[in-house]
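Only one structure is covered here, and it is reproduced in the block below.
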Amino acid sequence: MRVAMVGLGDARWAVGGFAAACVLFYSGGGIAHGAPAPGPDPTDDPVRAAQELAKHPPTVDAVPDINGPGACVSTVGNVWIKTTNIGIIGNPFTANSSDPSGQWPGPSGVQYMGFWNLWVGAKNPEAPEASQLRRVDHGFEWRPPSLAPEDRIYSAFEGQAGGVRDFDDDGDHRVDEEFLNGKDDDGDGLVDEDYAAISQQMCTTELRDDTEQAINAATAEKHVPFGLLVRQTTYAFALPGVNDFVAVGYDIFNQSGHTLDSVFVGFFVDPDIGPAATDRFFADDLADPRVPQGDYLETIAPNDPRYDPSLCTEDTIHVHGFTYVDDDGDLGKTTGAGSFLLLGHTTDPTGIKAPRRVGFRMYRTYAPGTPFQQGGQPVVDLERFATLASDVGIDPLTGMINEERSDLSTKTDFRSICSVGPFLDWRNGEKLDIEVALAVQRCDYSRPIDDPSDPSRGNPERYAAIIKNAIETQKT
């Protein structure tokens, strides 16, 4: 789906596991963020906010960063994709920018993602009226914390001065206490002097749901914010073997001043597969949620640090995600397929405040124009919250998707919504961590889509490279 900046808010979007011989496993370890929970923001106080903005007059470049060339377009690996500072990864703003959106490999002109958008739903016990009890932050309801020029997208690379990972860059006996945001996070008078730069191209930005711009975003109903801060980080790798994906981490802080409950974090995903220069290239997509998810065994080599012949010679890698493919490969132009992966999220071994293990809460895919009552697009927050909180399309025991692939005759511009949670008793100052990725690899369109020996499964020969890439993405 392609949209212009002025139209996005009014569009239909409003925008069997294996037994293993060891206890080690990969599933949602996530990418560690060393920066502490942020303290009071100067903009929380109106007087200080006015003083800060007086020092830094607003600029036209402050928000939103959707024009091209954007401040962050991941290009060091094989997956090229745009990062914005309004909760959107990808480029649906084709009237404003020609920046790539899940393009692979590199400058091919063939894309494997339209965009995805962060959704956060919760029950707000402090809501002034019942109609505001369950709300969802989505679409343009994410904006930078202020119009000051420091509230922008930043870029870094692994080993950069001030950003050496797991190292005390500034000699204050603390490690990676900063987040790369142009601010003095630890109150020592220095800015971005000790943060963790991860990957060969890292992009960071902060988002809030309660700024003037977020509250006045053009949507179908008035936005009622919770008071959340999101620290969004995009990671791209150049090294062979780990350069066919881009990962995004979301650190979500409750700064509402009170507890929120029944919190769900979700993503609206609009894939759009095919040569971007072709008219309506996105209209012949197919959804295959059977791939690449699964539990995969890996033999640990003797030279691997995890290897212990007395305890563990195998590892189990849990992969959660769904794939979109072209219907026929566009006469050889579209050689791959894109997978949206859930790499990790906050868990609680007791299951009291968060899920015990990483996995989806719900998954839904649908064609444009499908009414909400028939499994289609939610239009208002009550419908969005009901969607995120449902358990449709998921095996509740494993968190794996149990929906079938779309029928070959129904190729269209499919969209998906997925969520994780619930996160309960989310207190003021607490943080949730979510990590997702777009992984792209070769799909053998010459082979049938279903496993000849078991039509309920995806064909492993068709999807071999996609599954291998997903496993490597999860491990990284």
**OP:** Look at Gly338 and say whether it is open to solvent by less than 10 Å² (accessible area, probe 1.4 Å), part of a strand (DSSP E or B) and within 21 Å of Asp295 (Cβ to Cβ).
**Re:** no
**OP:** Identify, from the list Gly344, Gly351, Gly338, the residue that is farther than 30 Å from Pro125 by Cβ and not aliphatic (A, V, I, L, M).
**Re:** Gly338
**OP:** Mind counting the residues in region 227-262 that are part of a loop (DSSP other than H, G, I, E, B) and either within 30 Å of Gln103 (Cβ to Cβ) or open to solvent by less than 20 Å² (accessible area, probe 1.4 Å) (or both)?
**Re:** 9
Subject >> Residue check, Ala470 assigned to a helix (DSSP H, G or I) and more than 20 Å from Leu331 (Cα to Cα) >> reply: yes
Original post:
Of the residues in region 383-398, how many are at pLDDT 95 or above and either of a type outside the set (Asp, Glu) or part of a helix (DSSP H, G or I) (or both)?
Top reply: 11
Original post:
In region 311-334, what count of residues is obtained for those that are over 27 Å from Arg364 (Cα atoms) and among the charged types (D, E, K, R)?
Top reply: 3
Original post:
Going through region 449-468 one residue at a time, which ones are crowded, with 24+ Cβ neighbours inside 10 Å and either under 17 Å from Ile317 (Cα atoms) or among the basic types (Lys, Arg) (or both)?
Top reply: Ile466
Original post:
Taking region 399-448, which residues are small (Gly, Ala, Ser) and open to solvent by less than 30 Å² (accessible area, probe 1.4 Å)?
Top reply: Gly399, Ser406, Ser416, Ser419, Gly421, Ala437, Ala439
Original post:
Which one of these is open to solvent by 30 Å² or more (accessible area, probe 1.4 Å), modelled with pLDDT under 95 and assigned to a strand (DSSP E or B): Leu331, Leu297?
Top reply: Leu297
**OP:** All but one of (1) at pLDDT 95 or above; (2) in contact with a Pro (Cβ under 9 Å, 6 or more places away or on another chain); (3) crowded, with 18+ Cβ neighbours inside 10 Å hold for Gln377, so report the exception by its number.
**Re:** (1)
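The values are calculated or read from the model by the stated rules, or taken from the named source; none is laboratory data. Keep in mind it's a predicted model, so treat the numbers as computed, not measured. In this analysis, Cβ positions are derived from the backbone assuming ideal geometry, glycine residues included, and neighbour counts consider all displayed protein chains. The area values use the complete protein model at the heavy-atom level, side chains included, leaving out ligands, DNA and RNA. Shrake-Rupley method; radii C 1.70, N 1.55, O 1.52, S 1.80 Å.
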